[in-house]
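The block underneath contains the structure these notes are about, expressed in structure tokens.
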Amino acid sequence: MFNFMSRKGITFTLSAVLMMGTLVGCGAKTETNNAAATTAATTAASASAKPTDAPKTELSGTVTASGSSALLPLVKQAATEFMEKNPKVTVNVTAGGSGTGIKNVADGTSDIGNSDVEPAAEYKDKGLVDHQVAIAPFALIVNKDVKVDNVTKAQAADIYMGKITNWKDVGGNDAKIVLVHRPDSSGSRTLVKQIILDNKEFTKDGITQENSGAMKTAVVGQSGSIGYVDTPYIDDTVKALKIDGVAFSEENIKNGTYKLFGVEHMYTKGEATGAAKAFIDYISTKEFQGKQVRELKFLPADLLKK
């Protein structure tokens, strides 16, 4: 009896132990599965979450822009606004004429060369990249004592070539014509030479002023004088002449009846990068082109594009 009970007890005990082992194993397996599921869920959640955007690097550095005095008012205004938006950027803007701006950017002494005209042939292989930023109407301006409101293109050419020297020969009063020129490096001078003089040479008579502002001042202060500036410089202290009976206006430029205007360029050596690129991009924005460009009496760069 004892032996029988012992074997029976042993059998029961072993069965109990086996059952406990099974339960423990199942519990361990469940915990492992739960842990794996938790890990998988965490990984999936991490994968589905949007990565944190890397912080944007604040724009910094110095941009130098030189050249066209005709374009100077626009570039200075843009520089002021751009530096307000990007306090770690300094934009230095100087004039000197379109030729100077192109030379400076080709030589690497300026980041941007501002110009009213395209580069001369000597710069064609310098890797200059053109960024057209505005259209500038130009006008022939005279001292307010001049009794002429209109000249033909031929008369204007003869005046600047020294063939006509008295205002009475173009319908004005008997007074000597005083010519005010810009230097050879001036894009404004080049435009007038190309469009009005048909690339013939200016007379050497007259006085020369270094920039558009000085040109206007000279015309204001000299009786009988004539000069040329882009229209942002024109105010009620001078008189703008019609050419062939046509006054400068956006509509007359668009319909092709007013010819004296220039495309304003900002050249870089190679593709623009960094703060210089951001500055040119700012000038090229729809907002700046539509508001500030017009307020400064320029016209948007895309005005004549089909």
Residue ID - farthest from GLN77 (Cα to Cα), chosen from residues in the stretch 283-306 that are part of a helix (DSSP H, G or I) and open to solvent by less than 40 Å² (accessible area, probe 1.4 Å): GLN289
Taking the conditions exactly as written (closer than 30 Å to ASP158 by Cβ and outside any loop (DSSP other than H, G, I, E, B)), does LYS193 satisfy them or not? yes
Scan the stretch 215-251 for residues that are open to solvent by 30 Å² or more (accessible area, probe 1.4 Å) and over 15 Å from PHE261 (Cβ atoms) and jot them down. LYS216, THR217, VAL220, GLY221, GLN222, SER223, ASP235, ASP236, THR237, LYS239, GLY245
Matching residues, the stretch 53-102, being part of a helix (DSSP H, G or I), more than 13 Å from the chain's Cα centre (by Cα) and basic (Lys, Arg): LYS85
Count - residues of the stretch 57-81 that are touching a residue at least 60 places away in the same chain (Cβ under 8 Å), at negative phi and open to solvent by 10 Å² or more (accessible area, probe 1.4 Å): 7
Considering only the stretch 174-201, state which residues are on the phi < 0 side of the Ramachandran plot and open to solvent by 60 Å² or more (accessible area, probe 1.4 Å). ASP174, LYS176, ASP184, GLN194, LYS200, GLU201
Tally, over the stretch 235-264, of residues that are in a loop (DSSP other than H, G, I, E, B), over 29 Å from the mean Cα position of the chain (by Cα) and aliphatic (A, V, I, L, M): 2
I'd like the residue in the stretch 252-277 that is open to solvent by 30 Å² or more (accessible area, probe 1.4 Å) and touching a residue at least 40 places away in the same chain (Cβ under 8 Å) and, out of all such residues, is farthest from GLY99 (Cα to Cα). LYS254
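The values are calculated or read from the model by the stated rules, or taken from the named source; none is laboratory data. Quantities reported herein were computed from a predicted structural model and do not represent experimental measurements. No Cβ is skipped: glycine too gets one built from the backbone with ideal geometry, and neighbour counts run over all protein chains shown. For the accessible areas, the whole protein counts, side chains as well, though only heavy atoms, and no ligand, DNA or RNA atoms are used. Shrake-Rupley method; radii C 1.70, N 1.55, O 1.52, S 1.80 Å.
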